[in-house]
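Visitor: Here's a structure for you.
The values are calculated or read from the model by the stated rules, or taken from the named source; none is laboratory data. Since we're looking at a predicted model, the values are computed, not measured. Counting neighbours? That spans all protein chains shown, and the Cβs are built from the backbone with ideal geometry, glycine included.
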């Protein structure tokens, strides 16, 4: 049986930079204000194995991204020291190194179109081009250019699922079914009940 629309779930991880900059409360507040329901909250150290599984890239992706790196290095007059595919793997390697450098906050948020609501709040992947009003646009200033100069992952505070099916896959990597709570939030009556009856005494 299909999940009720108001029960869609999104996987969210506050990355080590968000934890170190004490932005956990600010980020959670932004999700709470929409009416999404928090069903899992966990502070953890990410393992390299979980991160490689999470990012889930194939050889084609490594080759394509690596070709772009080679092209950019050539244009900048930098030497090409390895095959394109290795530069592609280095992209995920840098992400794994970043995600495992300190604690992360693992969350699952539930509600109507949770994945799209979370994506809208989080903003684009690159902070400097992410919209004002988004978590990445308002709370950090890193850029692809600066990250590339340092051969590191972009520090953009947070990860969120891109699609509902991707959310389910990511949740299964990081959490067990018993990690997620099922409970009633009083505000759900205002958000989802058809008749909104019983509000007056």
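Visitor: Before we move on, is residue 191 surrounded by 14 or more Cβ atoms within 10 Å (Cβ to Cβ) and part of a helix (DSSP H, G or I)? Full working, then the answer.
Guide: Numbers: surrounded by 14 or more Cβ atoms within 10 Å (Cβ to Cβ): yes; part of a helix (DSSP H, G or I): yes.
For residue 191, the condition - surrounded by 14 or more Cβ atoms within 10 Å (Cβ to Cβ) and part of a helix (DSSP H, G or I) - is met.
Visitor: Still on this structure, please answer the following. Please go through (1) touching a residue at least 40 places away in the same chain (Cβ under 8 Å); (2) in a helix (DSSP H, G or I); (3) in the same structural domain as residue 117 (by TED's automatic domain parsing); (4) farther than 13 Å from residue 100 by Cα for residue 53 and return the number of the only condition it doesn't satisfy.
Guide: For residue 53, the exception is condition (3).
Visitor: Restricting segment 1-27 to residues that are assigned to a loop (DSSP other than H, G, I, E, B) and at pLDDT 95 or above, which is surrounded by the fewest Cβ atoms within 10 Å (Cβ to Cβ)?
Guide: In the first step, residues of segment 1-27 are kept if they are assigned to a loop (DSSP other than H, G, I, E, B); the result is 1-4, 8, 15, 21-23.
Pick out the ones that are also at pLDDT 95 or above and you get 8, 15, 21-23.
Working: 8: 20, 15: 23, 21: 14, 22: 8, 23: 18.
Checking each candidate, the answer is 22.
Visitor: State all residues of segment 164-188 that are part of a loop (DSSP other than H, G, I, E, B) and either loosely packed, with under 10 Cβ neighbours inside 10 Å or within 25 Å of the chain's Cα centre (by Cα) (or both); if no residue qualifies, say none.
Guide: Just the residues of segment 164-188 that are part of a loop (DSSP other than H, G, I, E, B), to begin with: 175-176, 180-187.
Residues satisfying the conditions are 175, 176, 180, 181, 182, 183, 184, 185, 186.
Visitor: Which residues, counting only those in segment 28-44, are farther than 17 Å from residue 113 by Cα, within 15 Å of the chain's Cα centre (by Cα) and not in a strand (DSSP E or B)?
Guide: Answer for segment 28-44, where residues must be farther than 17 Å from residue 113 by Cα, within 15 Å of the chain's Cα centre (by Cα) and not in a strand (DSSP E or B): just 28.
Visitor: Any residue at all in segment 64-79 that's surrounded by 19 or more Cβ atoms within 10 Å (Cβ to Cβ), in contact with a helix residue (DSSP H, G or I) (Cβ under 8 Å, 6 or more places away or on another chain) and closer than 24 Å to residue 175 by Cα?
Guide: Scanning segment 64-79 turns up no residue that is surrounded by 19 or more Cβ atoms within 10 Å (Cβ to Cβ), in contact with a helix residue (DSSP H, G or I) (Cβ under 8 Å, 6 or more places away or on another chain) and closer than 24 Å to residue 175 by Cα.
Visitor: Kindly indicate whether residue 24 is assigned by TED's automatic domain parsing to the domain that holds residue 122, under 22 Å from residue 170 (Cβ atoms), in contact with a strand residue (DSSP E or B) (Cβ under 8 Å, 6 or more places away or on another chain) and in contact (Cβ under 8 Å) with a residue 24 or more places away in the chain. Quick ask: steps written out before the conclusion?
Guide: Details: assigned by TED's automatic domain parsing to the domain that holds residue 122: yes; under 22 Å from residue 170 (Cβ atoms): yes; in contact with a strand residue (DSSP E or B) (Cβ under 8 Å, 6 or more places away or on another chain): yes; in contact (Cβ under 8 Å) with a residue 24 or more places away in the chain: yes.
Yes; evaluated as a whole, the condition is true for this residue.
Visitor: Would you check if there is a residue in segment 56-68 being assigned to a helix (DSSP H, G or I) and in contact (Cβ under 8 Å) with a residue 40 or more places away in the chain?
Guide: Here is the first cut: in segment 56-68, the residues assigned to a helix (DSSP H, G or I) are 59-68.
Now drop any that are not in contact (Cβ under 8 Å) with a residue 40 or more places away in the chain, which leaves none.
Within segment 56-68 (the criterion being assigned to a helix (DSSP H, G or I) and in contact (Cβ under 8 Å) with a residue 40 or more places away in the chain), the answer is no, since none of the residues qualifies.
Visitor: Any idea which residue in segment 80-94 is surrounded by the most Cβ atoms within 10 Å (Cβ to Cβ), counting only those that are assigned to a helix (DSSP H, G or I) and in contact with a helix residue (DSSP H, G or I) (Cβ under 6 Å, 6 or more places away or on another chain)? Explain how you work it out, then say what you get.
Guide: Let us first name the residues in segment 80-94 that are assigned to a helix (DSSP H, G or I), namely 84-94.
Filter once more, so that each one left must be in contact with a helix residue (DSSP H, G or I) (Cβ under 6 Å, 6 or more places away or on another chain): 84-85, 87-89, 91-92.
Values: 84: 18, 85: 17, 87: 21, 88: 23, 89: 19, 91: 19, 92: 19.
Looking at the filtered set, the residue picked out is 88.
Visitor: Then there is this: Counting only residues that are assigned to a helix (DSSP H, G or I) and in contact with a helix residue (DSSP H, G or I) (Cβ under 6 Å, 6 or more places away or on another chain), which one in segment 104-157 is surrounded by the fewest Cβ atoms within 10 Å (Cβ to Cβ)? Spell out the reasoning first.
Guide: Let us first name the residues in segment 104-157 that are assigned to a helix (DSSP H, G or I), namely 114-122, 127-129, 135-139, 144-149.
Filter again for in contact with a helix residue (DSSP H, G or I) (Cβ under 6 Å, 6 or more places away or on another chain), leaving 115, 117, 121-122, 127, 135-136.
Details: 115: 21, 117: 19, 121: 21, 122: 24, 127: 23, 135: 24, 136: 24.
Restricting to residues being assigned to a helix (DSSP H, G or I) and in contact with a helix residue (DSSP H, G or I) (Cβ under 6 Å, 6 or more places away or on another chain), the top hit is 117.
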